[in-house]
Amino acid sequence: MVKKLKLPLVGALTAVVSVLLVNLGNPGNMGFCIACFLRDTAGALGLHSAAAVQYVRPETLGIILGAFILALVRKEFAPKGGSAPVTRFVLGACVMTGALIFLGCPLRMILRMAGGDVNALIGLIGFVGGILLGVFFLKRGYSLKRTYNVSKTDGFALPVLSLGLLAALIFFPAILLVSESGPGSLQAPVYIALAAGVIMGGVGFLSRICFSGGIRDGFMLKSFSMLSGFIALLVVAIVGNLITGQFSLGLEGQPIAHTEWIWNILGLGLVGFGSILLSGCPFRQMVLAGSGNSDSAITVLGMIFGAALAHNLSLASSAAGTTSNGRVAFAIAAVIAVGVAVYNTFFSKEAVA
């Protein structure tokens, strides 16, 4: 009984924490969004010059550190890597491109739905479709090959970097860029946001929850246990938003969202497909990176690179909709992702151990 309730409890906890963060200052329907938070962090480091989205998000650092702490405490910190790191970096950038066309990661997709944003519900069609395309390749042998034990230095790299950024945020904030208006200026208190991230990193590590993996398992293995966590997240977040007055059903006027439904579908389709190719959604990649997986750390760095590129080259969408550059970037990223899938399914001759 306890095992059956684990994932619904994780989903409910995620909903409560997310609604709380929005009430304490985070942007609407953005208690957690890996894509948005990495974008803001990239801006704070000067990797892009979009003044409205610059802030080192403590939640993101907390997710990495929470997973790191749990892995150490449970003696499960065993750094691994070496599975096509450059390919993973590129796929991470592709996933971020899709997420910033939609304006959110899979976790924010659910939170947007819970806030009444019908655009996110439309985007869910693409997310599921992208996962189904990924399942097509998985069933035919797609793989980025095995990982290997690597040095603890590799495993410690991202948690140590996160600690450094946290120290800068708390003790030397003047060296970081911070938005004076826009989404980057909307912030929950630092220590509460950090604690929320640590909690999410810990429960993410313990539960192995993955927003693309749950749907993949439903189609491939007929296992729907992880989906119970998503349903609990959606239901509890809806209730929380109704109680706090943050629920507004409709297409128009939703916080940090646009109504170009075909691009909501395509953007999340790329996120779902790329997540399957990477064996984990953006949230799962963050948790794995914190617990010592250097391949996931490379993927996270790829997402940060993708976020910087998106805002430097005007690829990211806004409330006004997508950009012409963003639509071209989507086409390029989609071709790259399909190319990676085709090559590593039908043409890569390396034996899978």
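Could you tell me how many of the residues in segment 40-65 are within 19 Å of Ala174 (Cα to Cα) and either at pLDDT below 95 or of a type outside the set (A, V, I, L, M) (or both)? Counting residues in segment 40-65 that are within 19 Å of Ala174 (Cα to Cα) and either at pLDDT below 95 or of a type outside the set (A, V, I, L, M) (or both) gives 10. Among the residues of this structure, Ala329 does not count as one that is within 14 Å of Cys36 (Cα to Cα), more than 14 Å from the chain's Cα centre (by Cα) and buried (at least 17 other Cβ atoms within 10 Å of the Cβ).
The number of residues in segment 16-54 being assigned to a helix (DSSP H, G or I), touching a Gly at 6+ places or on another chain (Cβ under 6 Å) and over 17 Å from Ser314 (Cα atoms) comes to 4.
Considering Asn293, Asn344, the condition of being in contact with a strand residue (DSSP E or B) (Cβ under 7 Å, 6 or more places away or on another chain) and of a type in the set (S, T, N, Q) is satisfied by Asn293 alone. When you look at Asn119, is it among the polar types (S, T, N, Q), in contact (Cβ under 8 Å) with a residue 24 or more places away in the chain and surrounded by fewer than 18 Cβ atoms within 10 Å (Cβ to Cβ), yes or no? Considered against the rule, which asks whether it is among the polar types (S, T, N, Q), in contact (Cβ under 8 Å) with a residue 24 or more places away in the chain and surrounded by fewer than 18 Cβ atoms within 10 Å (Cβ to Cβ), Asn119 comes out as no.
Within segment 179-198, residues that are closer than 13 Å to Leu61 by Cβ sit with their Cβ atoms under 7 Å from residues that are at pLDDT 95 or above and surrounded by fewer than 17 Cβ atoms within 10 Å (Cβ to Cβ), at 6+ positions apart or across chains, in these pairs: Val190/Ile170. Candidates are the residues of segment 1-27 that are closer than 17 Å to Thr60 by Cα and of a type in the set (Gly, Ala, Ser); the one that is surrounded by the fewest Cβ atoms within 10 Å (Cβ to Cβ) is Gly25.
Mind telling me which of the residues Ala67, Ala51 ends up being in contact with a Ser or Thr (Cβ under 8 Å, 6 or more places away or on another chain), surrounded by fewer than 18 Cβ atoms within 10 Å (Cβ to Cβ) and within 30 Å of Ala333 (Cα to Cα)?
Values: Ala67 fails: surrounded by fewer than 18 Cβ atoms within 10 Å (Cβ to Cβ).
None of the other options fit; the residue is Ala51.
Filtering segment 126-151 down to residues that are in contact with a Leu (Cβ under 8 Å, 6 or more places away or on another chain) and assigned to a loop (DSSP other than H, G, I, E, B), which residue is nearest to Trp263 (Cα to Cα)? Per the stated criteria, the residue is Tyr142. Within segment 74-85, is there a residue that is touching a helix residue (DSSP H, G or I) at 6+ places or on another chain (Cβ under 7 Å), buried (at least 24 other Cβ atoms within 10 Å of the Cβ) and either among the aliphatic types (A, V, I, L, M) or assigned to a helix (DSSP H, G or I) (or both)? No, the conditions are met nowhere in segment 74-85. Could you check segment 152-201 and list, in sequence order, the residues that are among the acidic types (Asp, Glu) and not in a helix (DSSP H, G or I)? Within segment 152-201, Glu180 is the sole residue that qualifies. Can Ala237 be described as surrounded by 23 or more Cβ atoms within 10 Å (Cβ to Cβ) and at pLDDT 95 or above? Against the criterion (surrounded by 23 or more Cβ atoms within 10 Å (Cβ to Cβ) and at pLDDT 95 or above), Ala237 qualifies. Annotation note: of Ala193, Ala188, Ala174, Ala167, the sole residue that is of a type in the set (A, V, I, L, M, F, W, C), farther than 26 Å from Ile69 by Cα and at pLDDT 95 or above is Ala174.
The values are calculated or read from the model by the stated rules, or taken from the named source; none is laboratory data. The model shown is predicted, which means the values in this text are computed figures rather than measured ones. No Cβ is skipped: glycine too gets one built from the backbone with ideal geometry, and neighbour counts run over all protein chains shown.
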